[in-house]
Amino acid sequence: MKRRDLLKTGLYGIGIGATGLARMPALFAQTAQALAGRPAGSPRILVVLELSGGNDGLNTLVPYGDDAYYRQRPRIGIRASNVRKIDDHFGFSSGMAGFERLYKDGKLAVVHGCGYANPSLSHFTSMAYWHTAAPNRGDEFGWAGRTADAIAPKAPPNFLVNIDSRQSLAVRSRLHTPLVFDDPRKFAREGFYQERGIFAQDVDTGSVSNPSQRFLLDVARSAKSASATVKEAWAKYKSPVDYGINSLDLPKVVSLIDAGMPTRLYYVAYRNNAFDTHVFQGDLHQRLLTYTSDAVAAFLVDLERIGRADDVALMIFSEFGRRVPENTSLGTDHGTANLMFAAGKKVKGGHYGQVPSLTRLDEGDNLIHTTDFRQVYATMISGWLGFKDTASILNGSFQTFEMFS
Amino acid sequence: MLRLLNLAVALALVPAAFAQTAGPGAWQNDLTPIARSDWNYDFAAHLLERAGFGGTPEQIQALARLTPAEAVRQLVYFQKIENNLPAFDHSGVHDPGLEPFPESRPAVTKLAKEKGEALGIKVKAGGDRPLQPVVNKFFYWLRASVLETQRVSYWWANRMVGTQHPLEEKMALFWHGHFAVNENKVRDYRKMLGQLELFHKHGTGNFRELMIAEAKSPAMLSFLDAGVNVKGAPNENFAREIMELFTMGVGNYTEKDIREAARAFTGWNYVDLKFVVNEEQHDDGPKTFLGKTGNFDGVQIIDIILQQPVTARYIAGKIYRYFVRQDPSPELQEKLAGVLRSANYNLSPLLEAIFLSRDFYSPTSVGTQIKSPVQLAVSTFRKMGLKTAPGVPDFNVATGTLGQRLFSPPTVAGWSGGRSWITPGLLLERGNFARDILFPDINFIPPDRANPSADVRIVADKIRAGLDISTATMPERGSEGGLAESNMLADRDEDFNTRYGSFRGWQMALERVKPIPRHTADVDLSRMVTDAGLKNTTEVVDYFIRRFMRVPPVNEKRQELVKFLNGEIGTTDVAAAKTYMEDALRLLLHLIMSEPEYQLS
C-alpha cells in the first residue's frame, strides 16, 4: 500500500478499522494516528509570519517613555495617552489589544534592534537577505528551506508548508518540495469521473531532459500527494475563534496542524508590501497592526482549543523598520533595525536584546542594529526546533536567546 | 480547399519533429540570425508563441512560409498591418466633484466637516448622519473604479486575443510588469487606462520617451507618492524605484544619489489626469547625482541614468528574460545592451535581434518558458481560434487566481515570473481553468455583479428587511476569545456609518458601471477535427498535442490519451463518432491542458 493511498483512506475514514491499524507497520500506524487528530510524539512546529513592506516598529511598540521619540516624530508619534502601556517605557499601538494581552500573559517575546550590518533600504534586496539569512550576499536557498534540509534530509513530504499565492524564497529548499497553496478549497484537481484514471497516473520522468518540464512534473507529483489532505483538513476545520478582518492564513495553519500534517515549518505573510507606509500612515498603520494583533492572538486561542498550544511557536518579522524621523507626508521612509516577535504558550515573554538608541542614529537617520536577526533564527532552529548545529544552516554561529520554557 | 490545406498542415505536423529536439545545441548565446534553410514550422510556432501569444496552425503556417527575417519583421514592425480594435467604452462613472480624491475615508469626512462639502456632495442640512451621502460617494468611487478597471482589463484581454499586432500587446504586458502600478493604490481606472495607452504607444518605440512619459504619468506619480515629494522635504520613494526597478537595478547608485534625485523630482505632481510641476515646490538648487553636478530637474536625472552603461544592460537583460530565458550570460547581456545603446534606446532593433538570433531558437530557449497566467489564458483562446476572451469563466478572476491579475501586480517590482508562477496549488488551478472554459460552470455568477464580500451582502439584506442602519450594520461574529478588536472598532461615528456607506457605494457603482458580456467560449472541437481531415483517434490526439502544446507529454501519456478517447467514443474511427464526439473531445482537451507540459511555451 502506498503512503499516499493510506493518507487518502485515513482521511475519508474508510478502511482503517482497529484490525487494519494492528496489521500496519509502526510508521504507518503513527501516521494514521496523527490523522485522527492526535499528535505523534508532539513534534514542535515553527510558524513564520512575514509582515511585508517594512513595518514601522517604533509605532508598533511605542517607546512613549523616550522624549527623543516625540522629537523625531512630532506629528505621527503616538501620544502616551493613546498607547496600550506594558511598562513605564513601552506601549503597543492602540488597536493591539491582542498583543497587549499576550504580553501580559507572558506569551509574547519582543526582540529589539534586529537587523544586519550595511543594511539595504530596498524592499526586495532586504527581504531577500532575510529570506536567505545571508545579508549582503544572498543564497540560492531560503533559511527555512535549509533548515528543513538539515533537520529532515530524507525530505518526507509536506515538511514545509507555505500558504501564499507564490512560493517564498525563504522556503526554497535543495531537498524538499515545499507545499505551497493559497485557498485550500481550491487546492484540488477538479476532474470529471472519466478522467480520474489519467489524473491518478504517475509518469516516469527518467528520460526528460528539459529542466522546466522536469520541474513541472515534480511539482505535479507534490500537488497530487498533498491536495486531498489539505482540502479535507480545511473542510473539517470549524472554529468559533474570531480572527478579525484579516486572519493572515493562520486558521489554515491550525486546520493542518489539527489534521495531523507532519509539517514542522509553516510560512505565512501579511502580503503585498502592506506595511510600506510612506504617506499618511496613522490610520492605515494602526489598522494593519490591529489586524495582525487580532489574528495572532486568535491563533494562540485556536491552538489551545485543539490542544496543540504546547507544540507551536510563532515568529514575526519584517524586512526592515522605518526611518526614525517622520517624513513630511505624515509617513515614514524605509529604515533599518526593527522589532521581531515570538509568540506561543511555551515562549517566555518579555524583552530580549538591547533597545537601540533613538539619539545615536546612522548617517541616514536610521537605527543602528543591536541584534543580528540570525540570532533569532538560530534561537528558533535550536531552542525551539531542537536542531543544534545552526552554524551549518546559517553559515556562522549566532548567539541564541533563552526564549522557551 | 481550406479542408485540404488543413489536412496538409496536420499531416506535416504529425511526425515527432518537435522543436525541443531540433536546432543545434551550439546556437546558445549566438546572436547570428537564423538561416533561411533552418527555418521551419516549429520555429515559426516558437516565434509566434513568444513574440505574441501563439496562434492557430494557419497563422503559424503563414509565418513559416516567410523567410525568418520577414516573419520577425512582420511581428516587430507591425504598424503597417491593419488592426481594427475598438477604443475603450467608458461607462461614465467619473465626475469632476471627485477630484482631488482624498487619501482615506477619515480624510474625506474631515474635509466634509471643515468645508461642509466633499466629493461634490454637500453635508446634509440636518437629520441623522449628515455626512452619510459624502461617505456613500467615497465608497461609490472606490467600487466604481475597481469595477471599471475590470472592464479595462477585459478590453485589454480582448485586444490580446484579437489583435493583428501581438507583439504590441506582449510588450505592453511586459511594461505593465516593469512599471508595475496597482489600481488598489491609484484608485482611478482612468489613470490605469492612461498608463496602458502609454505602453501601447511607446512599448516598442523609444525607452527614453517611455521612461519620461511614465515618470510624468498620473498613475505612476500617484502610485509612488510623488505628489508629496516637495522642496525641503523630498520623498524618496519615486526616485528610489526609478533607479532600482525601472532603469539600473540595485547596487549601482548610493543612498545619497537617491536623495539627490528625489530633490530633482520635487514638485512633480498631477491634477486629475494632467501632469504638472509645482514650481514653488520644486527644488531648483544644484544636485550632485552619479558624479555629475548641476541644477537638474527630473528629465535630466533620467538622461544621466540613461547614460550609465548598466542601464542598457538592465533593460536589455530584462527584455531578454521575458521573451527568451531566465539566465542570459553576462556576455550575451552586454551584446544585447550594445544593440540597445547603438539604437539610442529604440527598442525595435533589440527585439528584432533577439527574435532573429540562433540563440532564440536553441534548445535551451525553445519550450523552456513557463507561461504567465495571462499568457496561458490568451494563448489558450488564440489556439482555440477564439476572437475574444470568453465572459465565462471570468478572465480577471481566473488570471488572478493563477497569480497575475491585470492592474494588480503584487508589488512595485511586478511579477517575479519563471518558476515562481508555479506552485502545487497553482498547477492544479491551471487545469481547473481549462475545465471552466471547456465546461462552463452552470452556476457561474458574474463577479462584477455579485458582491464578493459577505459583510456588504449581510448589510444589504438587513436594510431590505427594514432594519435601521445601526442594527443592520452591527457586526455578527463573536464568541470564544471575544470579538476581535478590529470588528469592535469598525465604526460607531454618529455623523455617518461606514458599513452602510460601503453597501450603498457598492449599490450605486453597480447601477452605473456597464456589465461585462458573459458569453461562453465559442468552441466546436468536432468541427476542428473534421476540418483538419483527421481519420482516427491517434491522429486526433497527435493533432491536439501539436496544436495546443509546444512540448509534448511523455510518450506513455500520449498512449493513455488515445486509449481514453477510444473509450469515450467507443471506436477509433472519427467519422463514425462525428455526431457525438464533442464531449469526448473536450474531455481530451481538458486532459491535455491539465498536463504539466501545457504550461510550457
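Using packing as a proxy for protection, rank B:274-284, A:281-291 so that the peptide with the highest average count of other Cβ atoms within 10 Å comes first.
Numbers: B:274-284: 14.0, A:281-291: 20.6.
In decreasing order of mean packing, B:274-284, A:281-291 become A:281-291, B:274-284.
Pairs over the 20 Å Cα-Cα cut-off, from the set B:110/B:137; B:371/B:563; B:371/B:535; A:238/A:345; A:107/A:388: B:371/B:563; B:371/B:535; A:238/A:345; A:107/A:388. I need the shape label for chain A. Rule: rounded when a/c is under 1.5, else prolate if a/b > b/c, else oblate, with a, b, c from the alpha carbon gyration tensor. Cα axes put chain A in the prolate bin. Of the residues A:206, A:106, A:386, the one that moves most in a GNM of chain A with alpha-carbon contacts below 10 Å is A:206. Treating r as the C-beta distance of residue B:580 and residue A:201 and R0 as 25 Å, the FRET efficiency rounds to 0.45. Per residue of peptide A:162-172, the mean number of Cβ atoms on other chains within 10 Å of the residue Cβ is 4. Fewest-first ordering of B:384, B:508 by other beta carbons within 10 Å of each residue's beta carbon gives B:508, B:384.
Starting from region A:49-131, pick out the trypsin sites (Lys or Arg not before Pro) whose DSSP state is loop and whose Cβ has at most 13 other Cβ atoms within 10 Å.
A:75, A:79
Semi-axis lengths, largest first, of the ellipsoid equivalent to the protein assembly as shown are 44, 37, 30 Å, with √(5λ) applied to each eigenvalue of the Cα gyration tensor. In chain B, the longest principal axis of the Cα atoms and the axis of helix B:132-162 are about 20 degrees apart. List the trypsin sites (Lys or Arg not before Pro) within region A:160-194 that DSSP assigns to loop and that have no more than 15 neighbouring Cβ atoms inside 10 Å. Listed in order of number, the matching sites are A:174. Exposure proxy ranking for B:37, A:94, A:212, based on other Cβ atoms within 10 angstrom of each Cβ and starting from the fewest, stands as B:37, A:94, A:212. For chain B, take the longest principal axis of its alpha carbons; what is the angle in degrees between that and the long axis of helix B:330-342, to the nearest 10 within 0 to 90? Result, in degrees: 70. For the segment B:133-143, counting C-beta atoms of other chains within 10 Å of every residue's C-beta and taking the mean gives 0. Relative to the current alpha-carbon distance between residue B:457 and residue B:82, full extension at 0.36 nm per residue lengthens the span by 130.3 nm.
Which trypsin sites (Lys or Arg not before Pro) in region A:351-391 sit in a loop by DSSP (not H, G, I, E or B) and have at most 14 other Cβ atoms within 10 Å of their own Cβ? Display every interim value, and only then the final one.
Numbers: sites: A:360, A:374, A:388; in loops: A:360, A:388.
Passing sites in region A:351-391 are A:360, A:388.
Approximating the spin labels as points 7 Å out from Cα along Cα→Cβ, the residue B:512-to-residue B:288 distance works out to 5.3 nm. Per-residue ellipticity at 222 nm computed for chain B from its helices equals -15500 deg cm²/dmol, with DSSP H segments shorter than 4 residues left out and the rest contributing -39,500 (n - 2.57). Taking the Kirkwood radius as Rh and the Cα radius of gyration as Rg, region B:145-194 has a ratio of Rg/Rh equal to 0.99.
Exposed loop sites are taken as GluC sites (Glu not before Pro) in a DSSP loop (any state but H, G, I, E or B) with at most 13 other beta carbon atoms within 10 Å; the longest stretch of chain A without one runs A:141-362.
What average count of beta carbons from other chains do you get within 10 Å of the Cβ of residues in B:400-410?
On the way: counts 1, 4, 1, 4, 1, 0, 0, 0, 1, 1, 7.
Taking the mean over all residues of the peptide, I get 2.
Helical content alone sets the calculated 222 nm signal of chain A at -10000 deg cm²/dmol, taking -39,500 (n - 2.57) per DSSP H segment of four or more residues and averaging over every residue. Tell me the angle of helix A:3-12 to the major Cα principal axis of chain A, expressed in degrees between 0 and 90 and rounded to the nearest ten. In chain A, helix A:3-12 runs at an angle near 80 degrees to the longest axis.
Site pair residue A:104 and residue B:36 shows an inter-label distance of 8.5 nm when each label is modelled 7 Å from Cα along Cα→Cβ. Shown here is the pair-distance distribution of chain B: with all Cα-Cα distances grouped in 10 Å bins from zero up to the longest one, the shares run 3, 15, 23, 23, 18, 12, 6, 1, 0 percent.
Bear in mind these aren't lab numbers, they're just calculated from the coordinates by the rules spelled out. Everything quoted here is computed from the prediction, not taken from an experiment. Methodologically, a virtual Cβ is constructed for each residue, glycine included, from the backbone with ideal geometry; neighbour enumeration extends over all protein chains shown.
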